[in-house]
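The values are calculated or read from the model by the stated rules, or taken from the named source; none is laboratory data. Bear in mind that the values here come from a model prediction, so they are computed numbers and not experimental data. Every residue, glycine among them, receives a Cβ derived from its backbone with ideal geometry; neighbour counts consider all protein chains shown. We work out accessible area using only protein heavy atoms, side chains counted, and drop any ligands, DNA or RNA first. Shrake-Rupley method; radii C 1.70, N 1.55, O 1.52, S 1.80 Å.
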Amino acid sequence: QVQLVESGGGLVQAGGSLRLSCTFSGTKFDWYNLGWYRQIPGRQRDWVATISTSGSTNYADSVKDRFTISRDNHENTVSLQMSSLKPEDTAIYSCRADRGMAYYWGRGTQVTVSS
């Protein structure tokens, strides 16, 4: 059973930086594509960034050039480095692991950006 646990959320001022991490356990980490998503309560969950098993990355336009996704195949973690944060980045951030038709979610971590 795959488990994902996020950490690193918190309160930060606009313009600041924050680094989120997601620890993966339960099976072979290398097999999975990984992603970060975010959700404001009452709204749909939005895709933020993904990194494939080969390390290729993609970003939503809203975070491109500000956020960086990375993975550590030795530590079984996926991280999201967030810079130049804006109040509109405030959300619950969740990581997702997928392989074929199977996918798993973490429970999320709150990021709040004050103006």
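Check S94, S84 and return the single one that is in contact (Cβ under 8 Å) with a residue 40 or more places away in the chain, within 23 Å of L11 (Cβ to Cβ) and open to solvent by less than 50 Å² (accessible area, probe 1.4 Å).
Step by step, each of S94, S84 is checked, and only S94 is in contact (Cβ under 8 Å) with a residue 40 or more places away in the chain, within 23 Å of L11 (Cβ to Cβ) and open to solvent by less than 50 Å² (accessible area, probe 1.4 Å).
Checking the condition closer than 21 Å to Q3 by Cα and touching a residue at least 40 places away in the same chain (Cβ under 8 Å), which residue from Y103, Y37 passes?
Y37 is the lone residue from the list that is closer than 21 Å to Q3 by Cα and touching a residue at least 40 places away in the same chain (Cβ under 8 Å).
Six or more apart or on different chains, Cβ under 6 Å: which pairs go from a residue in the stretch 43-70 that's open to solvent by 70 Å² or more (accessible area, probe 1.4 Å) to one that's hydrophobic (A, V, I, L, M, F, W, C)? Could you list them?
Taking only residues 6 or more apart or on different chains, the pairs are W47/A60.
Among the numbered conditions (1) open to solvent by 20 Å² or more (accessible area, probe 1.4 Å); (2) closer than 24 Å to G26 by Cα; (3) of a type in the set (G, A, S); (4) touching a Ser or Thr at 6+ places or on another chain (Cβ under 9 Å), tell me where G106 comes up short.
(1)
Among the residues of the stretch 97-115, which ones are assigned to a strand (DSSP E or B), within 16 Å of G9 (Cβ to Cβ) and touching a Leu at 6+ places or on another chain (Cβ under 8 Å)?
W105, T109, V111, T112, V113, S114
Spot the failing condition for N76; the list is (1) farther than 15 Å from R107 by Cα; (2) open to solvent by less than 20 Å² (accessible area, probe 1.4 Å), and only one is missed.
The single condition N76 does not satisfy is (2).
What residue, among those in the stretch 17-66 that are under 14 Å from V78 (Cα atoms) and in a loop (DSSP other than H, G, I, E, B), is modelled with the lowest pLDDT?
Step by step, filter the stretch 17-66, then rank; the result is K28.
Which members of the stretch 1-42 meet the condition of being open to solvent by 70 Å² or more (accessible area, probe 1.4 Å) and of a type in the set (F, W, Y)?
W31
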